[in-house]
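Here the structure comes first, spelled out in structure tokens, and everything after it is commentary.
The values are calculated or read from the model by the stated rules, or taken from the named source; none is laboratory data. As the structure is a computational prediction, the values presented were derived from the model and not from experiment. Don't worry about glycine lacking a Cβ; one is built from the backbone with ideal geometry, like all the others, and counts go over all protein chains shown. Surface areas here come from the heavy atoms of the whole protein model, side chains and all, with no ligands, DNA or RNA. Shrake-Rupley method; radii C 1.70, N 1.55, O 1.52, S 1.80 Å.
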Amino acid sequence: MASALDDDDILNDDFYSLLNVRREATQDELKAAYRRLCMLYHPDKHRDPELKRQAEQLFNLVHEAYEVLRDPQARAIYDIYGKRGLDVEGWEVVERKRTPAEIREEYERLQKEREERRLQQRTNPKGTISVGIDATDLFDQYEEDYEDVVGGGIPHVEINKMHISQSIEAPLTTKDTAILSGSLSTHNGNGGGTINLALRRVTSAKGWGEVDFFFFSFSFVTAQCGLQFSSRGVRPGVTTVLARHLDKNTMGYLQWRWGIQSSMNTSIVRDTKSSHFTFAMQLGIPHTFMMMSYQYKFQDDDQTKIKGSVKSGFFGTVVEYGAERKISRHSVLGATVSVGVPQGISLKIKLNRASQTYFFPIHLTDQILPSAVFYATVGPLVFYLAIQQLIIRPYVRAQKEEDLEKQQESSASNIARKKQEAEAAVLLMQESVRRIIETEESRMGLIILNAWYGKFVTDNSRKHERAKVIDVTVPLQCLVKDSKLILTEATKSGLPGFYDPCVGEEKSLKVLYQFRGVMHQVLSGDSEPLRIPKQSHRIDADT
């Protein structure tokens, strides 16, 4: 079962890591790990008052972890929602005989009740600002027309149109939402606007409807009414959409629009993890066209996408290509080059910032000129690379450092507690470690010579950074049994005698050990499982 543990849960207590067991551990494995730690931490084994007090704290922590994981219901809650899930208000009424699936449903019901109490506080504002720029003078200027004009040699660039739209949502119930939206547009001195009011109802996890007519499996129908205000008066409009799932990743749409640019449209949209494909046909006034587009999604952290499309109709033919990329946590920047007959060449720049969209279509030329295509393609790329190096990367780096600093400050007290627990655990392990080493030496077994856990700096470009590691030689040796050391895939900061020396940063475990008189060394990621000894860890004498 997948776990929903996050950083906050890990900073508190990872029960699997504390017991050093797999997430699929059986009751026998849990019991064996618990007994071993009980023998190590039992308060009655220590006479010194301070050691006895520390042993009692650690013993209680191990006991809590065991009690949660040995109980199927509590373990199911912990596996899905972490330790905080055990503390959700209302769990005391859950019947102990319920299955993990029923527990998940009960938890979601309790969360839903909390969501309903916060429902009226939520809105979802969205907006778009589009500024059209006419830059045809950059490529289509006739120099002789400006010879007698002061400043005539400077190309004339102007804003010729603007569009602003905004929408807000007002939740009525957990399923019903009222949506109010409006827009204003101006083009060469002429303006107009629209106001839309819609009611959206979520009918299931697979569909929703606006002014819902009917719904059946994998399908939905929506209808929307609108009014357009302009200098020519008020014009009503109606739009109806029928949609149906054709397969897991493909949707089919039929749309009918009356009043405002009346048309009939059919489209097929296929969306997968790595690509997005759309094919559409429309019959209407004034636009009748056929369109096909494809988008490839790179599987990288910046969510890079490249796209291309072809659109042909009574208005002519347009070919578009472009790319978009995430430039910060909440911002996506994209650029598209449009080449069409008779539309000419345009460059469209779009910035999505949270729920706001800023769109800048720049019309470069009415003709298809190679120079305009070249500059429209290369210009944004060069500009982006410059901005990426000079602004975006420094900003993102500073933002990450700020977030890391805040995270470390908020977890400082928790880490201090974990550090004290780890130091106390190391003291309590000394006697057990001494016996384990004696046993392993007698059989030429596994001896942990040195072990460090934390952030290692190995890249020359990061020499200015400081390594943040702790010595975990004693805790690892204490986990050795029968000349073997097995660590599960859980984060190692939860192991007995460990703590997180660098919250929010990448961590590793470096171990130098001796087995059968031969030196070995290994570097393991924080959440990677580790089994030693291994032949691949051996250090050759020649090196």
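Below is a table of values for the structure above.
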{"read-out": "Any chance Lys406 is surrounded by 16 or more Cβ atoms within 10 Å (Cβ to Cβ) and free of Cβ contacts under 8 Å to residues at least 40 places away in the same chain", "value": "no"}
{"read-out": "Scope segment 331-358; condition open to solvent by 60 Å² or more (accessible area, probe 1.4 Å) and either closer than 19 Å to Leu138 by Cα or without any contact (Cβ under 8 Å) to a residue 60 or more places away in the chain (or both); matching residues", "value": "Val341, Pro342, Gln343, Lys350, Arg353, Ala354"}
{"read-out": "Selection count where residues are of a type in the set (Ser, Thr, Tyr), in a loop (DSSP other than H, G, I, E, B) and at pLDDT 80 or above, scope segment 1-28", "value": "1"}
{"read-out": "Only one of Ser536, Ser508 that is modelled with pLDDT of 85 or more, under 26 Å from the mean Cα position of the chain (by Cα) and open to solvent by 20 Å² or more (accessible area, probe 1.4 Å)", "value": "Ser508"}
{"read-out": "Any chance Arg435 is among the basic types (Lys, Arg) and open to solvent by 100 Å² or more (accessible area, probe 1.4 Å)", "value": "yes"}
{"read-out": "Residues satisfying the stated conditions in segment 242-279, i.e. surrounded by 14 or more Cβ atoms within 10 Å (Cβ to Cβ) and more than 31 Å from the chain's Cα centre (by Cα)", "value": "Leu242, Leu254, Gln255, Trp256, Arg257, Gly259, Ile260, Ser262, Ser263, Met264, Asn265, Thr266"}
{"read-out": "Single condition Ala55 does not satisfy, out of (1) open to solvent by 20 Å² or more (accessible area, probe 1.4 Å); (2) at pLDDT 80 or above; (3) assigned to a helix (DSSP H, G or I)", "value": "(1)"}
{"read-out": "Number of positions in segment 423-466 that are at pLDDT 90 or above and among the hydroxyl-bearing types (Ser, Thr, Tyr)", "value": "3"}
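This table checks each residue for (1) farther than 30 Å from Glu401 by Cα; (2) open to solvent by 80 Å² or more (accessible area, probe 1.4 Å).
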| position | (1), (2) |
| --- | --- |
| Met281 | yes, yes |
| Ile285 | yes, yes |
| Phe289 | yes, no |
| Phe298 | no, yes |
| Phe314 | yes, yes |
| Glu320 | yes, no |
| Lys326 | no, no |
